[in-house]
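Structure first, then comments.
The values are calculated or read from the model by the stated rules, or taken from the named source; none is laboratory data. A quick note: this is a predicted structure, and the numbers were derived from the prediction, not measured. Cβ: placed from backbone, ideal geometry, glycine included. Neighbour counts: every protein chain shown.
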Amino acid sequence: MKDKLRIVFMGTPEFAVPGLKRLVEEAFDVVAVVTAPDKPKGRGKKLGTSPVKDYAVSQDIPLLQPTNLKDPAFQEELKSYRADAHIVIAFRMLPETVWNMPPLGSYNLHASLLPDYRGAAPINWAIINGETETGVTTFKLQHEIDTGNILFQVKEPIHPNDNVGSLYERLMNIGAELVVKTGRALETGDYQLKPQETPAATKHAPKIFREDCQIDWDKPSKEVRDFIRGLSPYPAAWTTLDGLTFKIYGAEPSSSVYQSPPGTFESDGKLYLDVVTAKGALTLTEVQLQGKKRMSVGEFLRGYHWTTPLSS
């Protein structure tokens, strides 16, 4: 009887946990888990553990938390587990000595239909760009990031009311099942690797910084709404209100017609809060003013004292 496939799993955040959990539930031989070192969290700066570490500890799986993936001592310890393959979800960029270590190679789960949306924030950018479909891909790691040969892909629609939170949840679970399918294929050898074709107009998914999240009201309502959805709940699209940062988590198209310039707030001060765009307006539904908690627009209007006059 053929020995079980020996897997080292690499991942850190919540997105990676279902994939690891499903491998364990399907009785794959997960011989070790590699995750990020513990980091100070919260006001007390107590060391916090990663979601992947928490699950690995609960299953008594050997754990490695290297600060430097090129450290020879870490690589020797990793080699000692004699993995047939590495499965990687939402982890750091691996040096070649690590991804090329197991005989079958290292395989990554990416939250897009590669080659589209290579990069750190594929879910965000797919929504921001108004896509109606995305998915998940497993592929074999090679030198250039997110460019390796593809094993499997699963498509998933992006619904008009999806935000990053809802789509993330679905792709996380769909991806976990694709990881199991990938593991089975590696175990049996019944798979074919398909090279990625790089289209002339590749859609990128670079890391998102705070300055990237400022809303440009000089765009049409649909584009602004997609931008808000693509950054909700994290890191959150923002504008300014009375000189303060004003995060917007939800917005719907407004039926009202305004003559005021883009970026103007329109409200009765009680029930609704609209913002004018280059084409139309948006009715805000969920917001957070600097220094305050996240809340519905109704709650916000009941407690906010405007320092600039409202247009309506």
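For residue 75, are the conditions met, namely being surrounded by fewer than 23 Cβ atoms within 10 Å (Cβ to Cβ) and either more than 24 Å from the chain's Cα centre (by Cα) or at pLDDT below 95 (or both)?
Answer is yes for this residue.
Residues checked against (1) among the aliphatic types (A, V, I, L, M); (2) in a loop (DSSP other than H, G, I, E, B):
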| position | (1), (2) |
| --- | --- |
| 260 | no, yes |
| 263 | no, yes |
| 266 | no, no |
| 270 | no, yes |
| 288 | no, no |
| 301 | yes, no |
| 307 | no, yes |
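Name the residue that is farthest from residue 158 (Cα to Cα), counting only residues in region 88-133 that are hydrophobic (A, V, I, L, M, F, W, C) and touching a helix residue (DSSP H, G or I) at 6+ places or on another chain (Cβ under 6 Å).
Once the filter is applied, the top-ranked residue is 104.
The rows are residues; the columns are (1) in contact (Cβ under 8 Å) with a residue 12 or more places away in the chain; (2) surrounded by fewer than 20 Cβ atoms within 10 Å (Cβ to Cβ); (3) among the small types (Gly, Ala, Ser).
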{"residue": "88", "(1), (2), (3)": "yes, no, no"}
{"residue": "92", "(1), (2), (3)": "yes, yes, no"}
{"residue": "95", "(1), (2), (3)": "yes, yes, no"}
{"residue": "99", "(1), (2), (3)": "yes, no, no"}
{"residue": "106", "(1), (2), (3)": "yes, no, yes"}
{"residue": "112", "(1), (2), (3)": "yes, no, yes"}
{"residue": "121", "(1), (2), (3)": "yes, no, yes"}
{"residue": "127", "(1), (2), (3)": "yes, no, no"}
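Which residue out of 170, 184 is basic (Lys, Arg), under 17 Å from residue 15 (Cβ atoms) and either outside any strand (DSSP E or B) or at pLDDT below 95 (or both)?
One residue alone meets the criteria, 170.
Output the qualifying pairs, or none if there are none: Cβ atoms under 7 angstrom, residues six or more apart or on different chains, first residue in region 231-244 and at positive phi and surrounded by fewer than 20 Cβ atoms within 10 Å (Cβ to Cβ), second residue polar (S, T, N, Q) and in a loop (DSSP other than H, G, I, E, B).
So the pair list comes out as 242/307; 242/308.
Quick one: count up the residues across region 232-254 that are at pLDDT 95 or above and either assigned to a loop (DSSP other than H, G, I, E, B) or among the acidic types (Asp, Glu) (or both).
Residues meeting the conditions: 7.
For region 23-49, what are the residues that are modelled with pLDDT of 95 or more and either outside any loop (DSSP other than H, G, I, E, B) or crowded, with 21+ Cβ neighbours inside 10 Å (or both)?
Selection gives 23, 24, 25, 28, 29, 30, 31, 32, 33, 34, 35.
Does region 150-167 contain at least one residue that is buried (at least 16 other Cβ atoms within 10 Å of the Cβ), modelled with pLDDT of 95 or more and at positive phi?
no
List the number of the failed condition for residue 188; all other conditions in (1) under 21 Å from the mean Cα position of the chain (by Cα); (2) loosely packed, with under 13 Cβ neighbours inside 10 Å; (3) of a type in the set (S, T, N, Q) hold.
Only one criterion is unmet by residue 188, namely (1).
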